[in-house]
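Working notes, structure below.
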Amino acid sequence: MENKIVKIPLLTYMPIITQEKVTHKKDISRLFEDIPQKPYFEDTKRNIALFKANCFDILPNLHENSIDMIFADPPYFLSNGGFTCHAGKKVSVNKGKWDISKGLEENYIFTQRWLRECQRVLTPNGTIWVSGTSHIIYTVGSAMQTLGYKILNDIAWFKVNPPPNLSCRYFTHSTETILWAAKNKDSKHFFNYPLMKKMNNDKQMLSLWSIKAPGSAEKIYGKHPTQKPIELLDRIVKASTRTGDIILDPFSGSATTGIAAHKEGRQYIGIELEEEYLKTSIKRLKDAFRDKERLSGNH
Ligand SMILES: C[S@@+](CC[C@H](N)C(=O)[O-])C[C@H]1O[C@@H](n2cnc3c(N)ncnc32)[C@H](O)[C@@H]1O
């Protein structure tokens, strides 16, 4: 008898806990209720929020174990007075103040700091993707290993249409690496294997992805100097998240991640320092909202 009495309240309480978890996940604004600053842009119907901030001021206030997937395209620290070729012209590789190297040690501290915060907010089975070139990717990989992330793949993104190498002293740079990692060694990460196979003519998808750099059609609302192609983010979102999942990008730029997230019915939190890029992001996002409504015949 006594046992039964104890079991009843426990059983009635269990669904409330489950319900609480579901409710919590559905409403992204609850994830940032501890953040003193309001989002720069928020669409509560579509669960999209953008913060105009330094990610170090936002990440520590986000709830622990709350984010299903993170895509981070951090500063590569490559804006150091070099030159590249753009539209047939020699141009400076100056992406902005945020991209100037602070020296090996400082770059490592910076990288480890944001990766630590990302690890804290990821759900136990959540994953993170980080893009980079040789300027930063070894630092990212080393910091990930030190923090106990489990590296799942190193994707070689072949950029198909790279600009020529002007000095003719190197091979033409045509790849970036994207590290995909789980929160830790105990994570049971999600991988949509069947969909990736289907997208690859029914053959296993390789870790070599041939995707063009974004063309002018993706830049009609403003140019971000390091904008990623939608196709790349689309594949990442489809491979590693489910409908309704929460995606975070701590270096949101022009919100390419947010657009791919929205397109696939995921929720999005983006953090970006520069107002100019946030303005471009809002225009791009609104365009994506309209596109989706048009496709679903809901206008
Ligand atoms: C490599 S770009 C990201 C581009 C983005 N993936 C896209 O497709 O547009 C990095 C962005 O991070 C921003 N950024 C740099 N340091 C930051 C920080 N500490 N917190 C938030 N944003 C930062 C920069 O302004 C820049 O827009």
Tally up the residues in region 85-100 that are near the ligand (Cβ under 10 Å from one of its atoms) and on the phi > 0 side of the Ramachandran plot, please. 1
For Phe190, the lone unmet condition from (1) assigned to a loop (DSSP other than H, G, I, E, B); (2) without any contact (Cβ under 8 Å) to a residue 12 or more places away in the chain is (2)
Hey, can you tell me all the residues within region 53-84 that are assigned to a strand (DSSP E or B), within 16 Å of the ligand (Cβ to nearest atom) and within 21 Å of Arg120 (Cα to Cα)? Ile67, Met69, Ile70, Phe71, Ala72
Give me the strands (runs of 3 or more DSSP E) completely within region 87-186, filtered to those with at least 3 residues that are surrounded by 15 or more Cβ atoms within 10 Å (Cβ to Cβ) and among the small types (Gly, Ala, Ser), ordered by residue number. 122-132
Return a yes/no flag: does region 103-111 have any residue that is of a type in the set (Ser, Thr, Tyr), more than 21 Å from the chain's Cα centre (by Cα) and either within 13 Å of the ligand (Cβ to nearest atom) or at pLDDT below 90 (or both). no
Residues (in contact with a Gly (Cβ under 6 Å, 6 or more places away or on another chain) and outside any helix (DSSP H, G or I)) located in region 270-289: Gly270
Mind counting the residues in region 245-276 that are within 13 Å of the ligand (Cβ to nearest atom), without any contact (Cβ under 8 Å) to a residue 60 or more places away in the chain and surrounded by fewer than 22 Cβ atoms within 10 Å (Cβ to Cβ)? 1
Residue count, region 231-244 (criterion: more than 16 Å from the ligand (Cβ to nearest atom) and among the aliphatic types (A, V, I, L, M)): 1
Please go through region 279-299 and pick out each residue that is more than 16 Å from Asn47 (Cβ to Cβ) and touching a residue at least 60 places away in the same chain (Cβ under 8 Å). Lys283, Arg284, Asp287
Options Leu273, Leu278, Leu233, Leu206; residue that is aliphatic (A, V, I, L, M) and either at pLDDT below 95 or more than 24 Å from Val93 (Cβ to Cβ) (or both): Leu206
Within region 52-68, can you find the residues that are of a type outside the set (S, T, N, Q) and within 17 Å of Tyr40 (Cβ to Cβ)? Lys52, Ala53, Cys55, Phe56, Asp57, Ile58, Leu59, Leu62
With (1) more than 12 Å from the ligand (Cβ to nearest atom); (2) among the hydrophobic types (A, V, I, L, M, F, W, C); (3) under 18 Å from the mean Cα position of the chain (by Cα) as the list, and Leu206 as the residue in question, which single condition is left unmet? (3)
Residues of region 210-230 being within 12 Å of the ligand (Cβ to nearest atom) and either part of a loop (DSSP other than H, G, I, E, B) or surrounded by fewer than 16 Cβ atoms within 10 Å (Cβ to Cβ) (or both), which ones? Ala213, Pro214, Lys219, Tyr221, Gly222, Lys223, His224, Pro225, Thr226, Gln227, Lys228, Pro229
Six or more apart or on different chains, Cβ atoms under 9 Å: show the pairs whose first residue is in region 115-137 and over 23 Å from Leu232 (Cβ atoms) and touching a residue at least 40 places away in the same chain (Cβ under 8 Å) and whose second is part of a helix (DSSP H, G or I) and among the aromatic types (Phe, Trp, Tyr). Glu117/Phe56
Evaluate the following for Arg242: is it at pLDDT below 95 and either of a type in the set (D, E, K, R) or surrounded by fewer than 18 Cβ atoms within 10 Å (Cβ to Cβ) (or both)? no
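The values are calculated or read from the model by the stated rules, or taken from the named source; none is laboratory data. Remember, predicted model here, so these are calculated numbers, not experimental data. Cβ coordinates were reconstructed from backbone atoms using ideal geometry, including for glycine residues, and neighbour counts include every protein chain displayed.
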